[in-house]
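Enquirer: Structure below; questions to follow.
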Amino acid sequence: MTTGFVTFKAKDGQAAHQLETTLLEMESLSNQEKGLVSYEVFQSEEDELTYYVRESWADQPAFEVHLNQPHIQKFLEEAPQWLSGPITSMALKKLS
């Protein structure tokens, strides 16, 4: 399984609204993709401009297909106008 944790920081309240709307749309579209295990969008309780996505995919190839979906590519093109800095991400390994 491949799991990622992605952080987004909006530049202001208006940008946060657009970012939140778009992240929820991406969640809906991603939930239709083959190989998805889990896709969740969160907003920080301490900073309303900060959002997180935790996503898990059956394997690395499924994740790679996801990254090349039109809705992801569109988001990556549009997101810089809403963000105060770069998107940060990290891969997670589940401990058992």
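The values are calculated or read from the model by the stated rules, or taken from the named source; none is laboratory data. All of these numbers come straight from a predicted model, not from anything done at the bench. No Cβ is skipped: glycine too gets one built from the backbone with ideal geometry, and neighbour counts run over all protein chains shown.
Enquirer: Only one residue in Q81, Q73, Q14 is of a type outside the set (S, T, Y) and in contact (Cβ under 8 Å) with a residue 12 or more places away in the chain, so which one is that? Full working, then the answer.
Expert: Numbers: Q73 fails: in contact (Cβ under 8 Å) with a residue 12 or more places away in the chain; Q14 fails: in contact (Cβ under 8 Å) with a residue 12 or more places away in the chain.
Being of a type outside the set (S, T, Y) and in contact (Cβ under 8 Å) with a residue 12 or more places away in the chain holds for just one of Q81, Q73, Q14, which is Q81.
Enquirer: So which of L95, L49, L83, L67 ends up being within 23 Å of Q32 (Cα to Cα) and of a type outside the set (F, W, Y)?
Expert: None of the other options fit; the residue is L67.
Enquirer: Just checking, does region 20-39 include any residue being in contact (Cβ under 8 Å) with a residue 60 or more places away in the chain and under 29 Å from S96 (Cβ atoms)?
Expert: No, region 20-39 has no match at all.
Enquirer: While we're here: Filter region 1-18 for residues that are under 27 Å from S96 (Cα atoms) and outside any loop (DSSP other than H, G, I, E, B); which is nearest to the chain's Cα centre (by Cα)? First the steps, then the outcome.
Expert: Let us first name the residues in region 1-18 that are under 27 Å from S96 (Cα atoms), namely 1-7.
Going one step further and asking which of them are outside any loop (DSSP other than H, G, I, E, B), we end up with 2-7.
Working: T2: 14, T3: 11, G4: 9, F5: 8, V6: 6, T7: 7 Å.
If we take residues in region 1-18 being under 27 Å from S96 (Cα atoms) and outside any loop (DSSP other than H, G, I, E, B), then V6 is nearest to the chain's Cα centre (by Cα).
Enquirer: Just give me the residues in region 70-96 being within 14 Å of V6 (Cα to Cα) and among the hydroxyl-bearing types (S, T, Y), in sequence order.
Expert: Those that are within 14 Å of V6 (Cα to Cα) and among the hydroxyl-bearing types (S, T, Y): T88, S89.
Enquirer: Still on this model: If I filter region 87-96 down to residues being part of a loop (DSSP other than H, G, I, E, B) and of a type in the set (A, V, I, L, M), which single residue comes out as farthest from T21 (Cα to Cα)?
Expert: Ranking the candidates gives L95 first.
Residues checked against (1) over 15 Å from M1 (Cα atoms); (2) at pLDDT 95 or above; (3) touching a strand residue (DSSP E or B) at 6+ places or on another chain (Cβ under 6 Å):
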position	(1), (2), (3)
Y51	yes, yes, yes
R54	no, yes, yes
P61	no, yes, no
N68	yes, yes, no
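Enquirer: Now for a separate question. Can you pull out every residue in region 61-86 that is surrounded by 12 or more Cβ atoms within 10 Å (Cβ to Cβ) and either in contact with a Pro (Cβ under 7 Å, 6 or more places away or on another chain) or part of a loop (DSSP other than H, G, I, E, B) (or both)?
Expert: Of everything in region 61-86, those that are surrounded by 12 or more Cβ atoms within 10 Å (Cβ to Cβ) and either in contact with a Pro (Cβ under 7 Å, 6 or more places away or on another chain) or part of a loop (DSSP other than H, G, I, E, B) (or both) turn out to be Q69, W82, S84.
Enquirer: Taking the residues in region 19-60 that are part of a helix (DSSP H, G or I) and of a type in the set (V, I, T) as candidates, determine which candidate is surrounded by the fewest Cβ atoms within 10 Å (Cβ to Cβ).
Expert: Looking at the filtered set, the residue picked out is T21.
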